[in-house]
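Following: one structure in structure tokens, then a few remarks.
The values are calculated or read from the model by the stated rules, or taken from the named source; none is laboratory data. All values reported here derive from a predicted model rather than from experimental measurement. We place every Cβ from the backbone using ideal geometry, glycine too, and count neighbours over all the protein chains shown. Remember, those area values only see protein heavy atoms, side chains included, never the ligands or the DNA or RNA. Shrake-Rupley method; radii C 1.70, N 1.55, O 1.52, S 1.80 Å.
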Amino acid sequence: ASHNPEEWNALKLLNYKGEFLSDEDGKQIFNLSNNYKFCYASVNKLGNIINKNYLSTHIEKILKLPLVKKDNIAKSNLKIVVDGINSIGAIAVPKLLKSLGVNDIIVINDETNGRFSHNPEPLEEHLAEIKLKVKEEKAHLGIVVDPDVDRLALICEDGSMFGEEYTLVVVADYVLKHNKGRSVVTNLSSTSAINYVAQIHNSPCYRSAVGEVNVIKLMKETNAVIGGEGNGGIIYPELHFGRDALVGIALFLSYFSQLKINMSELRKKYPDYYMIKHKVILNNTKDFEQIKEKLKNNIKYKSVNEIDGIWLNLENAWIHCRLSNTEPIIRIYIEANTKEQAITILKNVQQIIE
């Protein structure tokens, strides 16, 4: 499941709309399970699954979206390198690209055996192979997905990272360009560059607690036309309410093919921020409440948000500290205008926590 290696394989549970379970739904299921308030179907009433090629259906729906410009993409004669990470991306992404009229496709790590070829999170430190391959092949760009194809990262023609945080930024720019004034939603830990794009198109930008289900809830409340998370997760409600790298690829290439510039030039259109992601082991969750108060009392901030841990808006920077949902740790996110500023802030936060 997702980017977990096989020893942590698990199930992703969806509701009848095909959306992730809310916290309330999850608690209801645990309650039913713990109280054994269910019964098994008898053998003559078992359900069945009709085998259907849902990938083709999914791609057909993507191609019918008004903002997906298949003809423009096909005319661009793009050469693209894809990292399939030995998972479903090695099948799904090339199939989508061919349907969009991309014929020059190089796929690496294409053995779909589920044994991931490198750390499956699409972060720069894990992507040396595709960065080199893009340069060697003189490709226009590289596409990286995680094992369940809901996160999307892009590689520039010179082998540099476009930036996982900037996937949503560029796709939101394209979608809001055609939906000026409509809202965009992301989580508290995503880059401020999304606010920059929203301002250009006179669109409100709303921020939720971390987690796809929280982003989707706020998207529905604000009637958002685009949303997602800074980890490369695109949510495009015109298709469905869920992170989806395939629709992200189609929207991105539709925009990129009309600009007539290379990837590194496109990246320069957006402001540069430096983000640090750090974690600290926590022995007692009660300590976190004290840490929140210490941070508020010892850091000069302009505004605070406590819907998910604590988020402090500073002068030209922000800090987000939250408890992990899966590990006994505090996750710390810091974004600033420069690397030096971000490191200084992190050191201050670490001293306060210690």
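Brief remarks follow.
- Note on the chain: GNM, Cα springs under 10 Å; of ILE234, ILE291, ILE281, the largest mean-square fluctuation is that of ILE281.
- Ranking by accessible area, most exposed first, for ILE143, ILE261 with a 1.4 Å probe: ILE261, ILE143
- Gain on full extension, evaluated as 0.36 nm per residue between GLU111 and GLU221 minus their Cα-Cα distance, stands at 35.5 nm.
- For the range 1-140, the fraction of alpha-carbon pairs lying more than 19 Å apart is 69 percent, rounded to a whole number.
- Here is the list for the range 47-149: GluC sites (Glu not before Pro) lying in DSSP coil, each with at most 14 other C-beta atoms within 10 angstrom of its C-beta, are GLU111.
- The chain: DSSP helices with Cα axial extent of at least 30 Å and average Kyte-Doolittle hydropathy no lower than -0.5: none
- Over the chain: helical MRE at 222 nm, DSSP H runs n ≥ 4 each giving -39500 (n - 2.57), nearest 500: -11000 deg cm²/dmol
- For the residue pairs LYS37/LYS277; LYS98/LYS217; LYS180/LYS292; LYS69/LYS268, the alpha carbons lie more than 31 Å apart in LYS37/LYS277; LYS98/LYS217; LYS180/LYS292.
- Within the chain, the longest segment free of exposed loop sites, counting chymotrypsin sites (Phe, Trp or Tyr not before Pro) that fall outside DSSP classes H, G, I, E and B and have at most 12 other Cβ atoms within 10 Å, spans 41-354.
- GNM flexibility winner over the chain from PRO122, PRO237, PRO271 (Cα, springs under 10 Å): PRO271
- Annotation note: GluC sites (Glu not before Pro) in the range 257-308 located in DSSP loop regions with a Cβ neighbour count of at most 13 within 10 Å are GLU306.
- The fraction of Cα-Cα pairs per 20 angstrom bin, counted from 0 for the chain, comes to 27, 58, 15, 0 percent, rounded to whole percents.
- Straight-line cross-link reach from LYS302 at under 14 Å between alpha-carbon atoms covers these aspartates and glutamates, not counting any fewer than eight positions away in the same chain: GLU315.
- Cα gyration tensor category, rounded, prolate or oblate, for the range 62-113 with a/c compared to 1.5: oblate
- Once the trypsin sites (Lys or Arg not before Pro) in DSSP loops with at most 16 neighbouring Cβ atoms within 10 Å are cut out of the chain, the longest remaining piece is 181-259.
- Considering only beta bridges that DSSP places wholly inside the range 117-262, some 60 percent are antiparallel.
- DSSP-defined antiparallel bridges as percent of all bridges, the range 1-157, nearest 5: 35
- If you take all other residues with their beta carbon under 14 Å from the beta carbon of ALA139, and give Lys and Arg +1 and Asp and Glu -1, the sum is -2.
- Each DSSP beta bridge with both residues in the chain is either parallel or antiparallel, and the antiparallel ones are about 70%.
- Fluctuation leader among PRO147, PRO94, PRO328 - the chain, Gaussian network, Cα springs under 10 angstrom: PRO328
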